[in-house]
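Asker: Okay, handing you the structure first.
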Amino acid sequence: MPARVTGWALKRLLDCERRLWRSEHARGSDAPRGDHGDVLGEKSRTLEDQVAATLPDLVGPVWAPGVPFADAGAETARLLHETTHAIRRPVLMSADGGSSATPAFLLREGAAVVVRDVRLAHHPERSRDSRVRSSFAGWLVREITGLHVTRLEIVNGLGEIVELEPLRDGELQSLVERARELLGDSSEPDLLLAHSHCQDCEHYAHCWDRAEAERRIEVAPSVTRARARLLHDEGIRTFDELAARTPDSFRHRDLRANAFLLQAEARAWSTSRPVWLKAPDLPRGRTPVWFDVEADSDGLRAPVPVYLWGLAVEQPEPRFEPLLAELTPEGDREAWARFVARALEVFDDHPEAVWVHWHDAEPMWLDRYITRLGAPAAFVQRIRAPGACFDLHRALDRAVRLPLRSTSIKFVARWLGFKWSNPDADAAWSTAQAHRARETRDPVERARLLAQVASYNADDLWAMRVVWNWLQEQARAQGS
């Protein structure tokens, strides 16, 4: 019998058809869920517990460890037919067994049913995935019981109950049929989405390693899905074919307008060498201060939005200075005050200092903290002065195209030979360690987790230093 269509399968379908296909046909080949996924799972269960505590006359969880799925489905159907209890962790299974859903709760309002789920997102009502999964659960309630579903609700990450607009049955049916197709005997979809979309997927290596081996144009960062279609229409499927074209040979105006950069990137991939657009433009005669923050993925909604301010002043042997926050609002303020004080010392010792960061997160967090917690006028004036902060990624992007799937610091520095002490660490991993440190009551464990975060932050600083030095060497070589 083909695999059941579930709410989770529909989520994967919306995310990526290939991901859904591989979840069924290539089981066991996916990468394990990371620490960040575990933390999100723990937070979701906590939120569900909080909602359950507010519901009178609640039974369940019906689907619990040790309970066969089919038995949980039969018990859910019985409870809906014979009682008006609120039900936690119900199993809604279609009569043919081919579809199932497991929302967090089913509530009763007289003879009608309310489907209530939980999501950590602050605006789940804006997500098509939330609408689809809740509508699917409501659809199965109607099929199993004939009862009217009066509302679809989600408790969001702020603890608020928001209502969802249900999907039309026809649209939902089409999605279910497509999911069933992919879970059946269909061939693997030949689909490659944007790198930023794919990089956290458990099937990332399979899809992207194959695409790179096949020399597909989609691996080039500037080749969006829309551009890939345009290039395919012009008979171009590999980066070698793109590199060989002349700018005036393109028919579509977008390809002609962007031919210079597209082909530079294609040549980099085709030759496995950097293709220079111009000599790198780095600040001269100034002391670099390597600067990177570790910020919570919840942003300003987190109790401590930035839990580490990391810096290192360039000198023959630069020293890493991690300004870690105690994971409380008071600790947040104290860490910011220490960072501001240290920054003023750096400016006093190195009036020409330039704060080197990667992308725009660091200036953004500086502005947010100045607004939230305030800072001396001397600090604000100096850190916001023109040229005080320098985006190293922007300098790289303006100077060169590289044979890389992404120009994140992880890809660029590794390409230059730099190695992180923990190769699996990334921003999501860092946030997960901070959340675990905040939750633990063991001070030794908390110190251990935060030390790992600090080590990761230090590696990010040294990675920037490697890229800076490489660009500086190239600038000298090109006579800039």
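Asker: Kindly state which helices (runs of 4 or more DSSP H) lie completely within region 388-480 and contain at least 3 residues that are touching a Ser or Thr at 6+ places or on another chain (Cβ under 7 Å).
Answerer: Per the criteria, 392-399, 443-477.
Asker: Quick one: would you say residue 170 is among the small types (Gly, Ala, Ser), under 23 Å from residue 61 (Cα atoms) and assigned to a helix (DSSP H, G or I)?
Answerer: No: the conditions fail for residue 170.
Asker: Sticking with this structure for a sec: Filter region 158-176 down to residues that are buried (at least 18 other Cβ atoms within 10 Å of the Cβ) and in contact (Cβ under 8 Å) with a residue 60 or more places away in the chain and give me whichever is farthest from residue 95 (Cα to Cα).
Answerer: 175
Asker: May I pose another question? Of everything in region 352-384, what is assigned to a helix (DSSP H, G or I) and in contact with a Cys (Cβ under 9 Å, 6 or more places away or on another chain)? Give them in sequence order.
Answerer: 362, 363, 366, 383, listed by residue number.
Asker: Tell me which residues, restricted to region 98-112, are under 34 Å from the mean Cα position of the chain (by Cα) and either in a strand (DSSP E or B) or closer than 12 Å to residue 140 by Cα (or both).
Answerer: 98, 99, 100, 101, 102, 103, 105, 106, 107
Asker: Another question, if that's okay. Considering only region 239-256, state which residues are farther than 18 Å from residue 219 by Cα and either surrounded by fewer than 16 Cβ atoms within 10 Å (Cβ to Cβ) or touching a strand residue (DSSP E or B) at 6+ places or on another chain (Cβ under 6 Å) (or both).
Answerer: If the condition is that a residue be farther than 18 Å from residue 219 by Cα and either surrounded by fewer than 16 Cβ atoms within 10 Å (Cβ to Cβ) or touching a strand residue (DSSP E or B) at 6+ places or on another chain (Cβ under 6 Å) (or both), then 246, 247, 248, 249, 251, 252, 253, 254, 256 are the ones that fit.
Asker: Can you confirm whether region 117-129 contains a residue that is more than 23 Å from residue 44 (Cβ to Cβ) and surrounded by 18 or more Cβ atoms within 10 Å (Cβ to Cβ)?
Answerer: Within region 117-129, none of the residues are more than 23 Å from residue 44 (Cβ to Cβ) and surrounded by 18 or more Cβ atoms within 10 Å (Cβ to Cβ).
Asker: Next question, about the same structure. Read through the list (1) of a type in the set (D, E, K, R); (2) outside the structural domain of residue 87 (by TED's automatic domain parsing); (3) touching a strand residue (DSSP E or B) at 6+ places or on another chain (Cβ under 9 Å), then give the number of the only condition that residue 165 fails.
Answerer: All conditions are met except number (2).
Asker: For residue 275, state whether it is over 21 Å from residue 465 (Cβ atoms) and in contact with a strand residue (DSSP E or B) (Cβ under 8 Å, 6 or more places away or on another chain).
Answerer: yes
Asker: Now for a separate question. Being in the same structural domain as residue 461 (by TED's automatic domain parsing), of a type in the set (Val, Ile, Thr) and touching a Pro at 6+ places or on another chain (Cβ under 8 Å), is that true of even one residue in region 329-340?
Answerer: Scanning region 329-340, I find at least one residue that is in the same structural domain as residue 461 (by TED's automatic domain parsing), of a type in the set (Val, Ile, Thr) and touching a Pro at 6+ places or on another chain (Cβ under 8 Å), so the answer is yes.
Asker: Please count how many residues of region 70-101 are exposed (fewer than 13 other Cβ atoms within 10 Å of the Cβ), of a type in the set (Gly, Ala, Ser) and either over 27 Å from residue 180 (Cα atoms) or in contact (Cβ under 8 Å) with a residue 60 or more places away in the chain (or both).
Answerer: Residues that pass the stated criteria total 1.
Asker: Restricting to region 300-347, name every residue that is under 30 Å from the mean Cα position of the chain (by Cα) and in a loop (DSSP other than H, G, I, E, B).
Answerer: 302, 303, 304, 305, 325, 326, 327, 328
Asker: Can you pull out every residue in region 130-162 that is touching a Phe, Trp or Tyr at 6+ places or on another chain (Cβ under 9 Å) and of a type in the set (Lys, Arg)?
Answerer: Within region 130-162, 133 is the sole residue that qualifies.
Asker: Looking at (1) among the basic types (Lys, Arg); (2) crowded, with 16+ Cβ neighbours inside 10 Å; (3) more than 13 Å from residue 292 (Cβ to Cβ), which is the only condition residue 465 fails?
Answerer: Looking at each condition in turn, residue 465 falls short on (3).
Asker: What pairs come up if the first residue lies in region 177-202 and is on the phi < 0 side of the Ramachandran plot, the second is β-branched (Val, Ile, Thr) and outside any loop (DSSP other than H, G, I, E, B), and their beta carbons are under 9 Å apart, counting only those six or more places apart or on different chains?
Answerer: The qualifying pairs are 177/5; 179/5; 179/6; 180/5; 183/5; 192/219; 195/219.
Asker: Continuing with the same structure: Can you pull out every residue in region 319-344 that is modelled with pLDDT of 95 or more and charged (D, E, K, R)?
Answerer: 319, 321, 330, 332, 333, 334, 338, 342 - these are the residues of region 319-344 that are modelled with pLDDT of 95 or more and charged (D, E, K, R).
Asker: If you take the residues of region 286-299 that are at pLDDT 90 or above and part of a loop (DSSP other than H, G, I, E, B), which of them is surrounded by the most Cβ atoms within 10 Å (Cβ to Cβ)?
Answerer: Restricting to residues being at pLDDT 90 or above and part of a loop (DSSP other than H, G, I, E, B), the top hit is 296.
Asker: Grab the helices (runs of 4 or more DSSP H) fully contained in region 188-274, keeping just those with 2 or more residues being polar (S, T, N, Q).
Answerer: Output list reads 259-271.
The values are calculated or read from the model by the stated rules, or taken from the named source; none is laboratory data. Here the structure is a predicted model, which means the values were calculated and not measured. Don't worry about glycine lacking a Cβ; one is built from the backbone with ideal geometry, like all the others, and counts go over all protein chains shown.
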